[in-house]
Amino acid sequence: MQIGIAGLGLIGGSLAKAVKERTGHMVLGFDQDDGVMQDALACGAIDGVLDSPALKDCRIVLVALYPQAAVDYILAHKADFGASTIVADCCGVKEVVCPSCQAAAAEQGFTFIGGHPMAGMERSGFSHSRADLFCGASMVLTPPEKTDPAAVAFLSAFCRELGFGRIQLSTPQEHDRMIALTSQLAHVLSSAYVKSPAALDHAGFSAGSFKDMTRVARLNENMWTELFFDNRPALLTEIEGLIQRLEEYAEALRQNDRETMRLLLREGRQRKEIVG
């Protein structure tokens, strides 16, 4: 089976390496950076170049680009995909990506399914990509309502071949609402937390908690700015909710109110026991 991957950064590069290491499929790749293409070919992550004529013979095309670039790529190549091709984006937001891509698929006859691999690390780029990045991770798929169930099952089975431990079906709206909490808010919080003046003197005073809280502050600001603004209403709701909850802790300290603080901490512990 021929697999196409557009975008060979951390996610796309890891997808390519996972396909090559875990399956017998052929991988064709594309990246606008010639150096990345040379590296991917040299290390065997891809077997060849993904160009427009090759798209029609790809059973699956994974588009691992920033949201607007992913939309632009799919619309630019909508006439190149074969009737049996399943195109899936890998973007961290879905509502700004799925509608226009679904419309293009309906117009041209290929299948589009929104996707989001729930895996990553604080560093970006092909040089950090790993074949085991997705082992045990969740893959969120947002197929349109009328998508052939066989296509969803086929893409799901392929994802499991790459090591994904869970396939989570969702809608673009539900995906973006949840991702505002589980991913985007965490990156905002980490970025703000590490800006404390005291963080400059943390050596010798920090352990796992500091490392955990600051890990994702080492982010790609260009990508995350696009993701944040693509999901602005949902992320704003989460940020404002967090500020409100933090204010409760601050007020307990202002009032020297140990009982309220104990209650707030107990509520947090109990919630953690529920969510796992």
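The values are calculated or read from the model by the stated rules, or taken from the named source; none is laboratory data. Since this is a predicted model, take the numbers as computed values, not measurements. As a convention, Cβ positions derive from the backbone with ideal geometry for all residues, glycine included, and neighbour counts pool all protein chains shown. In case anyone asks, the SASA skips ligands and DNA or RNA and just uses the protein heavy atoms, side chains included. Shrake-Rupley method; radii C 1.70, N 1.55, O 1.52, S 1.80 Å.
Yes/no matrix, rows are residues, columns are (1) more than 20 Å from Ile239 (Cβ to Cβ); (2) more than 13 Å from the chain's Cα centre (by Cα):
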{"residue": "Glu161", "(1), (2)": "yes, yes"}
{"residue": "Thr171", "(1), (2)": "yes, yes"}
{"residue": "Pro197", "(1), (2)": "yes, yes"}
{"residue": "Leu200", "(1), (2)": "yes, yes"}
{"residue": "Arg215", "(1), (2)": "no, yes"}
{"residue": "Met223", "(1), (2)": "no, no"}
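Going by what's in this entry, would Ser156 be described as buried (at least 16 other Cβ atoms within 10 Å of the Cβ), under 30 Å from Thr23 (Cα atoms) and among the polar types (S, T, N, Q)?
Taking the combined requirement at face value, the residue satisfies it.
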Is it the case that Glu226 is closer than 17 Å to His175 by Cβ, open to solvent by 40 Å² or more (accessible area, probe 1.4 Å) and at pLDDT 95 or above? yes
Can you tell me which of Leu169, Leu181, Leu189 is within 23 Å of Cys91 (Cα to Cα), in contact with a Leu (Cβ under 6 Å, 6 or more places away or on another chain) and touching a residue at least 24 places away in the same chain (Cβ under 8 Å)? Leu169
Residues of segment 197-218 being open to solvent by 50 Å² or more (accessible area, probe 1.4 Å) and within 26 Å of Ala64 (Cβ to Cβ), in sequence order, are Arg215, Arg218
Just wondering, is there one or more residues in segment 178-185 that are within 21 Å of Cys101 (Cα to Cα), surrounded by 14 or more Cβ atoms within 10 Å (Cβ to Cβ) and modelled with pLDDT of 95 or more? yes
Only listed residue being within 28 Å of Ser124 (Cα to Cα) and in contact with a helix residue (DSSP H, G or I) (Cβ under 7 Å, 6 or more places away or on another chain), chosen from Leu200, Leu242: Leu242
Members of segment 1-41 found to be without any contact (Cβ under 8 Å) to a residue 24 or more places away in the chain and either assigned to a helix (DSSP H, G or I) or touching a Leu at 6+ places or on another chain (Cβ under 6 Å) (or both), listed by number: Asp34, Gly35, Gln38, Leu41
